[in-house]
1. Does at least one position in segment 142-152 carry a residue that is more than 19 Å from MET300 (Cα to Cα), outside the structural domain of GLU294 (by TED's automatic domain parsing), buried (at least 19 other Cβ atoms within 10 Å of the Cβ) and within 15 Å of the ligand (Cβ to nearest atom)?
2. Checking the structure you have, find out if any residue of segment 93-103 is assigned by TED's automatic domain parsing to the domain that holds PHE150 and within 16 Å of the ligand (Cβ to nearest atom).
3. From the list ASP198, ASP181, ASP163, ASP209, exactly one residue is within 12 Å of the ligand (Cβ to nearest atom), within 17 Å of LEU103 (Cα to Cα) and either outside the structural domain of HIS262 (by TED's automatic domain parsing) or in contact with a Phe, Trp or Tyr (Cβ under 8 Å, 6 or more places away or on another chain) (or both). Which is it?
4. Any chance segment 283-291 includes a residue that's among the small types (Gly, Ala, Ser) and outside any helix (DSSP H, G or I)?
5. Checking the conditions here, which among ILE226, ILE219, ILE193 is within 16 Å of the ligand (Cβ to nearest atom) and modelled with pLDDT of 95 or more?
6. Looking only at helices (runs of 4 or more DSSP H) that lie completely in segment 1-74, which have at least 3 residues being modelled with pLDDT of 90 or more and loosely packed, with under 15 Cβ neighbours inside 10 Å?
7. Residue by residue through segment 282-319, note down the ones that are free of Cβ contacts under 8 Å to residues at least 24 places away in the same chain and loosely packed, with under 15 Cβ neighbours inside 10 Å.
8. Quick check on my filter: what residues within segment 74-92 are on the phi < 0 side of the Ramachandran plot and away from the ligand (no atom under 16 Å from the Cβ)?
Amino acid sequence: MQEENFETLAIRLQAERTQFKEHSVPLYLTSSYKFDDAEEMRALFANEKEGHVYSRYANPNTDELINKMAVLEGAENGWATASGMAAIFTTFMTFLASGDHVLSSRSVFGSTHQLLNNIFPKWGITYDYADLDKPEQWEQGIRPNTKMIFVETPSNPGIDIIDLEWLGQLAKKNGILLVVDNCFATPYLQQPIKLGADISIHSATKFIDGQGRTLGGIILGSHQLIKEIEGFARHSGPAMAPFNAWLLSKSLETLAVRMDRHCESALKVAEFLERNPVVKKVMYPFLPSHPQYEIAKKQMKQGGGIVTFVIEGGAAAASAFMDKLKMFSISANLGDTRSIATHPATSTHSKLTEAQRLEVGIEQGTVRLSIGLEHINDILGDISQALA
Ligand SMILES: *Cc1c(COP(=O)(O)O)cnc(C)c1O
């Protein structure tokens, strides 16, 4: 096929069609596969022959989704999991052993924090946090047993950014695996592997599904690294269901147009908030006031669909704002067609201490907005009346 453009690939990369020549990909609801004879069974289990065995390993629907995601992100291969957290856990479990150290961005998804802070210590895996906006902390944070650097950029909900090319070089120089949670950007806006990351992870639950319907996770990397992921995932079972893979593969067909609209509206919301006197601070990658604006411009196509702001008046003002919203949903999800408001301090990041929250830039007055696909006038109108 000649088409090289993202939009076209996201639509036209399809699994082989069956004898029915269906236009859209069918759903393969089967847990296992038949073998022609005993020899074929042996050869498939011995990895001497390509083909399907069991849907915990792979399925035509997960194959199609992974192939599309890998091409769109410039990765050699990938693996699909039941959720974004399953993708993150699988990646940690595959590459880390007792005694290893992880250097992670301080501002990570709440459940990733829980893994590092409360679950991995019992297996002897240690960690340190570094701030995305302080390069020296990354240089100084590397220890002899540091096996992995893990970052979210842009981060949730602080919208901090790190230069992935720079970090990739630092990781390579030290022989450390660089893993990027690319959830906020999607492959349409940022392609970490092309910038020097070894692994890129998605919670497909967010913008990739984009319609608030399903959970999913995707891990992308080289053939070699994905082979190691497979070694863990095949036997531990974080598999994505064929139905979810089918949905997500269909969702990719509209990712580019959806992201264009999310980003266009989010930038307008960020600019609007920045002009409002009751707003103390606005974080959005493509606002010139963002401290890492130049880096964002260099490594992202657009700023993404999430705008985080701090309202004057702390927790009381944040709750009053959320309660006055008429159209926005109050929900912990993001990346939906519907605009969503979240109060991170009492929801996604409630398990952190107040001091830990302040370190990652979450104040009591911080509100995270996921800008949906409704008309921009209705989005701005709702925010405006709720701030009044
Ligand atoms: C939601 C999210 C996750 C977790 O994904 P699930 O699909 O909910 O398991 C991980 N990282 C980021 C940045 C997220 O927003």
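1. No, there is no match, as no residue in segment 142-152 is more than 19 Å from MET300 (Cα to Cα), outside the structural domain of GLU294 (by TED's automatic domain parsing), buried (at least 19 other Cβ atoms within 10 Å of the Cβ) and within 15 Å of the ligand (Cβ to nearest atom).
2. So in segment 93-103, the residues assigned by TED's automatic domain parsing to the domain that holds PHE150 come out as 93-103.
Now narrow it down to the ones that are within 16 Å of the ligand (Cβ to nearest atom): 93, 102.
Within segment 93-103, one or more residues are assigned by TED's automatic domain parsing to the domain that holds PHE150 and within 16 Å of the ligand (Cβ to nearest atom).
3. Working: ASP198 fails: within 12 Å of the ligand (Cβ to nearest atom); ASP163 fails: within 12 Å of the ligand (Cβ to nearest atom); ASP209 fails: within 17 Å of LEU103 (Cα to Cα).
After ruling out the rest, the residue left standing is ASP181.
4. yes
5. Numbers: ILE226 fails: within 16 Å of the ligand (Cβ to nearest atom); ILE193 fails: within 16 Å of the ligand (Cβ to nearest atom).
When all the criteria are applied, what remains is ILE219.
6. Answer list for segment 1-74: 38-45.
7. The first filter runs over segment 282-319 and keeps only residues free of Cβ contacts under 8 Å to residues at least 24 places away in the same chain, leaving 286-289, 293-294, 297, 316.
Listed by number, the residues that qualify are PRO288, SER289, GLU294, ALA316.
8. Matches in segment 74-92: ALA75, GLU76, ASN77.
The values are calculated or read from the model by the stated rules, or taken from the named source; none is laboratory data. The shown structure was predicted, so the numbers you read here are calculated from the model rather than taken from an experiment. Here the Cβ is made from the backbone with ideal geometry for all residues, glycine too, and neighbour counts use every protein chain on show.
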